[in-house]
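Presented below is the structure to which this report refers.
Nothing in this text is a laboratory measurement; each read-out follows from the coordinates by a stated rule. Since this is a predicted model, take the numbers as computed values, not measurements. Neighbour counts run over all protein chains shown; Cβ positions are idealised from the backbone, glycine included.
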Amino acid sequence: MTAQASADPVSDIVIDVEGLTKSFGGPPVVKNLTMQVHKGLIYGFLGPNGSGKTTTLRMLCGLLTPDSGHGTCLGYDIRTQTTDIKRHVGYMTQRFSLYADLSIRENLEFVARIYNLDQPRKAAQDAIVRLGLERRADQLAGDLSGGWKQRLALGACILPQPELLLLDEPTAGVDPKARRDFWDEIHRLAHEGLTVLVSTHYMDEAERCHEITYIAYGEILAHGKVAEVVAEAHLSTYIVTGPQLAELAEELEKRDGVDMVAPFGVELHVSGRDGKKLEAATADLRAKGPQVWTRGEPTLEDVFIDLMSRVPDNSV
Amino acid sequence: MSNGSDIDRRTRGFRASLARLRATFIKEFLQLRRDRLTFATMLFIPLMQLLLFGTAINTNPRHLPTAVLIQDDSSFARSYLAAMRATDYFDISLNATSEADLDHLIRSGQALFGVQIPAHFGRDLIRGDRPEILVIADATDPTATGNAIAALNRITETVFSRELTGPAANLAPKPPPFDLRVHLRYNPGIETRLNIVPGLMGTILTLTMLIFTGLSVTREIERGTMESLLSMPIRPVEIMLGKIAPYLVVGGLQMTLILGAAWLLFGVPIEGSLPLLLALTLLFILANLSVGYTFSTIAKSQLQAMQMSFFYFLPNMLLSGFLFPFKGMPGWAQHVGEFLPLTHYLRIVRGIMLKSATFVDLQFDVLALALFTLAAMALAVARFRQTLD
Ligand SMILES: Nc1ncnc2c1ncn2[C@@H]1O[C@H](COP(=O)(O)OP(=O)(O)O)[C@@H](O)[C@H]1O
Ligand SMILES: [Mg+2]
């Protein structure tokens with residue numbers, strides 16, 4: 001958090017875009033998106049599938065041209081200076097996009113040569129050591145497990161020593177241990193001064209970000225530190241345990257004042273935007289039992305599910 | 001009873017099988033309808049083949065380009081040429097200024113026949129000295145010249161019957177009053193093999209080179225690696241040249257292999273300069289690699305790239321002079337043929353291997369190949385999508 005505390009409001013801005021809009025023939029998949037990202041921060045990008053996260057990241061690194069809007073990335077114009085952006089931004093694609101038929105070492109050397117590094121072989125070897133891939137260095141990238149693939153992809157991204165990392169769902173389909181290692185590495189990189197914009201679906205990962213932005217159907221619905229986002233949602237939540245939760249949920253869905261019912265394992269989270277109305281709507285059920293009702297704090301996930309239910313699904 | 005239920009079960013099984021078959025049929029049909037290019041391929045390939053075979057291809061070609069060197073201005077020379085024209089086999093369109101010029105016109109492929117009527121032909125004929133008419137035929141492609149030569153032999157006996165009436169009539173009876181000497185050049189044994197094997201070199205190289213690069217960009221797009229590649233600071237020209245270069249080496253190896261086989265197995269001679277042949281073959285390989293690469297920047301999938309390559313390969317086979325005599329095709333087909341690299345390469349490879357053609361004889365074809373390569377590369381670079389829009 002040190003980077004955040006010392007943030008200089010102007011010179012420290014790494015991504016600064018305004019009014020980005022993009023469509024692929026149909027309705028816009030990113031609408032009027034404005035965001036700023038400060039140097040040295042890990043910035044989480046959350047939202048349901050198809051909400052425009054990948055499209056936004058691609059516009060930031062010059063892979064897509066916005067229909068309208070403008071802005072800079074590392075001070076370079078995202079429309080006209082894409083070559084400079086590509087030189088200084090590491091972009092990790094959602095789908096593994098290194099060469100499956102090349103070994104780890106060959107992939108890394110390829111990247112090192114494209115970026116014209118002084119000693120590509122040495123740079124690749126250093127990256128292999130840093131990533132702990134020594135024993136697999138000559139294995140084909142396509143034969144690696146999900147976790148190792150992500151690690152290799154990250155290694156390839158940071159090889160040319162970028163100033164900004166754009167990571168698109170880097171931990172999707174990766175086991176928890178590998179996920180944790182991955183995030184430890186991201187924090188180390190941020191500590192070294194790298195700025196990271198990372199999209200994810202995982203709530204625990206969101207909570208490891210300095211700031212988050214929640215986007216749905218191409219629009220930013222919430223933004224800030226995790227605690228701020230939760231607080232700003234003004235959700236009141238009951239946590240219910242006991243038998244017959246499925247039937248209870250069905251009953252609750254119908255009631256006015258209950259905005260969201262979500263099962264979490266053996267618990268049911270019942271939330272409402274208006275605390276009073278929620279209390280009134282659930283009074284009889286709370287009195288009747290047999291379930292146990294306790295007042296709880298809404299989680300980030302409650303907030304997101306609620307945010308999503310507020311906007312009509314117009315993605316189709 | 002067990003028998004009845006058995007039949008019952010079988011009928012039900014058969015119905016279910018039919019239903020699944022129908023489901024697959026409908027699904028395939030729907031997919032086919034969405035796949036425009038496959039649909040177009042199915043309609044256009046047969047149409048193209050039909051049209052080309054029906055209208056452009058002629059195994060008994062007429063109106064073949066003929067160069068003349070006339071050193072005698074008697075009426076006999078003129079009426080001999082008129083008789084040649086009347087056979088419909090000869091299109092006397094080129095006037096050579098010397099014997100060397102006549103040779104050049106034939107070696108460069110501009111003329112298939114050269115006719116030389118020597119000085120004092122008319123005078124010697126009247127005197128009964130039996131002068132000679134020399135006809136040089138380019139026999140590299142025996143199909144193209146065979147019938148024309150037969151026609152030439154037929155007119156020998158009748159050509160001067162009108163001139164040789166009255167006082168000269170006593171000269172009319174056979175044997176003819178002059179000697180027709182036909183020189184079959186380059187392939188005197190009229191061996192089809194000598195024509196086909198160099199041609200095969202061109203077609204084989206066309207096909208393999210197209211396949212090498214035709215998939216290179218689409219493969220990256222389909223495997224998803226293009227997204228990474230594009231996010232790195234690399235330019236389209238660099239990608240193109242980097243992708244083509246390795247196959248130039250592969251193509252070079254293939255060329256050596258084919259040339260070796262042509263020489264060892266089929267006994268095709270290399271009359272001309274081997275280094276020139278190698279250099280120009282590499283140029284031809286480059287041209288085809290560029291075309292393949294261009295297709296792969298335009299195609300949306302590997303299948304589409306293959307379909308485009310096939311579309312391109314077909315006219316190359318039919319209109320280049322590989323299977324059928326180029327000069328025997330109608331004008332429009334020859335014009336189309338001039339835009340195909342294989343047409344020019346066939347002239348180069350047959351020219352060097354069989355006719356010891358030199359760079360000067362082939363300069364037009366070399367220029368055409370080079371321009372074609374540059375145009376394909378420029379198109380590929382222009383078409384290369386640097387973003388994912
Ligand atoms: N190249 C493209 N062509 C057409 N539609 C696209 C393209 N890329 C993305 N989309 C559409 O844009 C929407 C947003 O996609 P995306 O940015 O990938 O969302 P996310 O990464 O948040 O899941 C989706 O509906 C997707 O189908
Ligand atoms: Mg995505």
Everything considered on the Cα gyration tensor (a ≥ b ≥ c; rounded for a/c under 1.5, else prolate if a/b is larger than b/c, else oblate), chain A must be described as prolate
Order these by the 10 Å Cβ neighbour count, fewest first: A:LYS288, B:LYS327. A:LYS288, B:LYS327
For region A:10-225, the charge dipole (Cβ of Lys, Arg +1; Cβ of Asp, Glu -1; about the Cα centre) points to a positive end, and the Cα of A:SER145, A:GLN36, A:LEU221 closest to that extreme belongs to A:SER145
Which residues qualify? For A:ALA216, with a placed amide H closer than 5 Å and at least 5 residues away or on another chain, they are A:LEU221
Quick check for you: which residues of region B:133-151 have the amide N under 18 Å from the point 7 Å beyond the Cα of B:ASN60 toward its beta carbon? B:142-151
So which of B:LYS243/B:LYS355; A:LYS149/B:LYS300; A:LYS86/B:LYS243 end up more than 24 Å apart by C-alpha? B:LYS243/B:LYS355; A:LYS149/B:LYS300
What residues qualify as long-range amide H neighbours of A:SER23, i.e. H under 5 Å apart, gap of 5 or more or another chain, H built at 1.01 Å from N? A:VAL29, A:ASP67
When you have a sec, figure out the Kirkwood radius of the protein assembly as shown from all distinct Cα pair distances and drop it here in Å to one decimal? 32.4 Å
Applying 1/(1 + (r/R0)^6) with R0 = 35 Å to the Cβ-Cβ distance of A:ARG188 and B:LEU32, what FRET efficiency is obtained, to the nearest 0.05? 0.10
Using the Karplus curve 6.51 cos²θ - 1.76 cosθ + 1.60 with θ = phi - 60°, work out ³J(HN,Hα) for each residue of region A:142-156 in order, rounded to whole Hz, and write x for Gly and Pro. x, 8, 6, 6, x, x, 5, 4, 4, 5, 5, 4, 5, x, 5
Overall dimensions of region B:64-185 by Cα: Rg and Dmax, Å: 14.1, 45
Just how large is the dipole of region B:193-388 about the Cα centre, in debye to the nearest 20, putting +1 at every Lys and Arg Cβ and -1 at every Asp and Glu Cβ? 180 debye
With unit charges on the beta carbon (Lys/Arg positive, Asp/Glu negative), name the residue among B:PRO177, B:ALA299, B:THR208 whose Cα is farthest towards the positive pole of the charge dipole of chain B. B:ALA299
If a helix is a whole DSSP H run, which ones in chain B reach 15 Å or further along their own axis (Cα) and hold a mean Kyte-Doolittle hydropathy of at least -1.0? B:2-34, B:36-51, B:75-86, B:142-156, B:192-214, B:236-264, B:274-298, B:302-319, B:341-355, B:359-383
What ranking of A:TRP293, B:TRP332 emerges when the number of other C-beta atoms within 10 Å of each C-beta is taken as an exposure proxy, fewest first? B:TRP332, A:TRP293
Extension gain A:GLU219-A:ALA280, at 0.36 nm per residue separation less the Cα-Cα distance, in nm? 18.7 nm
Output wanted: per-residue J couplings in Hz (rounded whole) for region A:29-38, from phi through Karplus 6.51 cos²θ - 1.76 cosθ + 1.60, θ = phi - 60°, x for Gly and Pro. 9, 10, 10, 6, 8, 10, 7, 10, 10, 8
Helix-only mean residue ellipticity at 222 nm, chain B, DSSP H runs n ≥ 4 weighted -39,500 (n - 2.57), per residue, nearest 500. What is it? -21500 deg cm²/dmol
How tilted is helix A:104-114 with respect to the longest principal axis of chain A? Cα atoms for both, answer in degrees (0 to 90, nearest 10). 70 degrees
Placing +1 on the Cβ of each Lys and Arg and -1 on the Cβ of each Asp and Glu in the protein assembly as shown, which of B:LEU274, A:GLY90, B:THR87 has its Cα farthest towards the positive end of the resulting dipole? B:THR87
Just to confirm my numbers, what's the Cα centroid distance between region A:47-63 and region B:131-160 in Å? 74 Å
When the dipole is taken about the Cα centre of the protein assembly as shown, and only Lys, Arg (+1) and Asp, Glu (-1) are charged at their Cβ, what size is it in debye, to the nearest 20? 2040 debye
Within the protein assembly as shown, percent of DSSP bridges classed antiparallel, to nearest 5: 55 percent
Give me the dipole magnitude in Debye, nearest 20, for chain B about the Cα centre, with unit charges on the beta carbon: positive for Lys and Arg, negative for Asp and Glu. 1820 debye
Expressed as a whole number of Å, what is the distance separating the alpha-carbon centroids of region B:361-375 and region A:203-219? 59 Å
Could you check the simple spin-label distance between B:SER356 and A:VAL129, using points 7 Å along Cα→Cβ, in nm with one decimal? 6.6 nm
Rounded to the nearest 5, the percent of DSSP beta bridges in chain A running antiparallel is 65 percent
Please return the longest stretch of chain A lacking exposed loop sites, where GluC sites (Glu not before Pro) count only if DSSP places them in a loop and at most 16 other Cβ atoms lie within 10 Å. A:1-162
Sorted by chain and then number, the residues having a modelled amide H within less than 5 Å of the amide H of A:LEU167, at least 5 places away or on another chain, are A:MET92, A:LEU197, A:VAL198, A:SER199
